[in-house]
1. Only one of (1) in contact (Cβ under 8 Å) with a residue 12 or more places away in the chain; (2) assigned to a helix (DSSP H, G or I) is not met by T247, so which one is it?
2. Taking region 394-424 on its own, how many of its residues are within 29 Å of R376 (Cβ to Cβ) and of a type in the set (K, R)?
3. May I ask you to list pairs of residues, at least six apart or on different chains, whose Cβ atoms are under 8 Å apart, with the first in region 586-614 being under 18 Å from E527 (Cα atoms) and open to solvent by 60 Å² or more (accessible area, probe 1.4 Å) and the second being outside any helix (DSSP H, G or I) and not basic (K, R)?
4. Can you tell me which of D99, D83 is closer than 30 Å to T292 by Cβ, at pLDDT 80 or above, of a type in the set (D, E) and out of contact with any His (no Cβ under 6 Å at 6 or more places or on another chain)?
5. Among the numbered criteria (1) at pLDDT 85 or above; (2) surrounded by 18 or more Cβ atoms within 10 Å (Cβ to Cβ); (3) not small (G, A, S), which single criterion is violated by T207?
6. Please work out which one of (1) modelled with pLDDT under 95; (2) closer than 23 Å to G560 by Cα; (3) in contact with a helix residue (DSSP H, G or I) (Cβ under 7 Å, 6 or more places away or on another chain) is the condition V513 fails and give its number.
7. Quick one: P494 ticks every box in (1) modelled with pLDDT of 95 or more; (2) within 29 Å of N381 (Cα to Cα); (3) crowded, with 17+ Cβ neighbours inside 10 Å bar one, so which box is it?
8. So which residues in region 117-133 are crowded, with 16+ Cβ neighbours inside 10 Å and without any contact (Cβ under 8 Å) to a residue 12 or more places away in the chain?
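The values are calculated or read from the model by the stated rules, or taken from the named source; none is laboratory data. What you see is a predicted model; the values in this text were computed from it and never measured. Here Cβ is always computed from backbone atoms with ideal geometry, including for glycine, and neighbour counts include all displayed protein chains. Only protein heavy atoms, including side chains, enter the accessible area calculation; ligands, DNA and RNA are left aside. Shrake-Rupley method; radii C 1.70, N 1.55, O 1.52, S 1.80 Å.
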Amino acid sequence: MRASRSLAISNMKIEKQVTSGQLDFTFTRRAAFVGGVQAAIGLTVAARMSFIAVADNEKYKLLAESNRVNLTIIPPRRGWFIDRFGKPIATNRADFRVDIIPDRLARKDETVQALAELLALSTDDVDRIHRDLKDAQGFQPVQVADGLDYDRFAAVSVRLPDLPGVSPRQGYSRFYPSGAAVGHLIGYVGTVSAEEYQKKKDPLLITPGFKVGKDGLEKTLEDRLQGKPGAQRTEVTARGKIVRNLTTRPETPGKPVQLTIDIDLHNYAARRLGLESGSVVIFDCLTGDIITMASMPCYDPNSFSDGIGRVEWKMLNSDDHIPMLNKALQGLYPPGSTLKPVAGLAMMRHGVDPEEMVVCNGGYRLGNRVFKCLGRHGPVNMTTAIMKSCNTYFYAMGRRIGYDNIAPVARELGLGQEFSLPFPSQRYGTVPDSAWKMRKYDQQWTESDTLNAVIGQGYIIASPFQLGLMSARIASGLNIQPEILMGKRAAPGPLSFPKAHLDVVREGMNLVVNGDGTAVRSRLPLEGIAMAGKTGTAQVRRISGSQRGQSGEWKYRDHGLFVCFAPVDQPRYGAAVVIEHGMGGARAAAPIAKDVLTFIYDRERAMASLVALEAGWGGNIEQRMAAKYAMFQNQPAPPPPLDPSA
């Protein structure tokens, strides 16, 4: 009983009574806590809004402005190339173009197909666009077409809402009026590759219509030609439709570059090369100015600037005449008998009397071997030996003085030398001597090496550019330095040869053309103006028997060379013509030199001759290339490389 009472009392002590005051206090405390939290959140939001409105005001103002205003970069026009008389070589022409911005492209296949129908694109163009889109990155534009007429441009512009990622615009494109005639001289431009963009990250580089030099002078003079971009601000809707133009900052065109080239003469030389693979180089004997530097066949730089297609790339790449090679600067050939005037100067320097006779019986014996001559010339002195191109004379005298005494003279006249010219690549050839052979082959120089080298065979090789300079220096007696950019320069000093020595070899070269020499059929058809020269034939391979590289497969035929200067009495122009596998200088090279120098003095006569020749060749350069392209169109072709200049 007592235990039950104690338990009841205990339970009464545990239970507590909750009063209304206590309830009010608990509610008030909770409300204060919630209110505090709400106030803190409100203050945080207010502080953030104040920060955005005040501290970040400029940032969000710019973002809002960028949604309303579109800033477009205006690519600068490239500087022109002009010739020595101010005539255009490379210009810019206004055109309409259409590009695709890959990051904005929604339906690639449908968009490309629609553009192909609107712009009447060829299958080759469509393949190129798909290939470029595959390799493009981000906002790097892919060219669809340029040089469009207004109707096709407008047809795309009115359909822009259905073509996201398509960017039509008016701009300028590079234009080369002479086409393939100046490809190796000027080079070409193209769009920036992904690798080039990653190096600079300059937004100008991926602006539609902007292109950079990829080869030739276009590449090496890029900084001078590029100019500075402009900009245009336009008000747009949320969907990107232009409302109005706001402000425009005009671009600054690149600076023009004036070359020493006579573009009319250069174009004539390129056309006169016709179906041959070769080059023509002409110097001003008094200044060193490069008047002409034609190399054919060649690509059309307009095609590369527009984006070359696979058909045209296959046409160029399959041509055994190698149209991608600048033969004037990068072609190397044994100079053959064009070296004999050089050897004559070296012989006189080392005591050989130019009137001393050597009897030519058709060859020269060295030990058990007979080095053959081109004929039996009988007794010849130096002048006659140059006129008749007598190997026997030069074998005998070259062996007497040794080739180590001839090599320095060849170098003084420009062979084997490097010149400071703004071209991306030159090949300098080789003027060998005993020290060179020991370094390269660890072998002693032999007398048979001397006999080969003294007539321009064996180890010695030179470019047409060097041979033209050699001829100009012999003609003028001046140590002229080659120049391609117009400008003031110091007058050249004299060479180290006495005038009497130069007169001997000049007279020999005069008789080659105007006497009883090897190029009498190439005399200039001009009253009172004569050309002097020296023919040369260079073996491509060692040939036994009587064939001598004068027939058979084209690539095994001898090269034909001719160096010359005019007028004989007061030389002003020095030149070299090299025809690959032309089978002889008198046969292939000298007639071209004759016509090109005739053009300088009588354009009407020279053009009449050229037009008659081109009629038999299938037209001029452009017409022949178009016919060849048509022939390749129906043949399968692999895509060209991303950067053909690489």
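1. In the conditions (1) in contact (Cβ under 8 Å) with a residue 12 or more places away in the chain; (2) assigned to a helix (DSSP H, G or I), T247 misses (2) alone.
2. 2
3. Y601/L524; Y601/L526; Y601/I529; R605/P525
4. D83
5. Evaluating T207 over (1) at pLDDT 85 or above; (2) surrounded by 18 or more Cβ atoms within 10 Å (Cβ to Cβ); (3) not small (G, A, S) leaves (1) as the failure.
6. Here V513 clears every test but (1).
7. (3)
8. none
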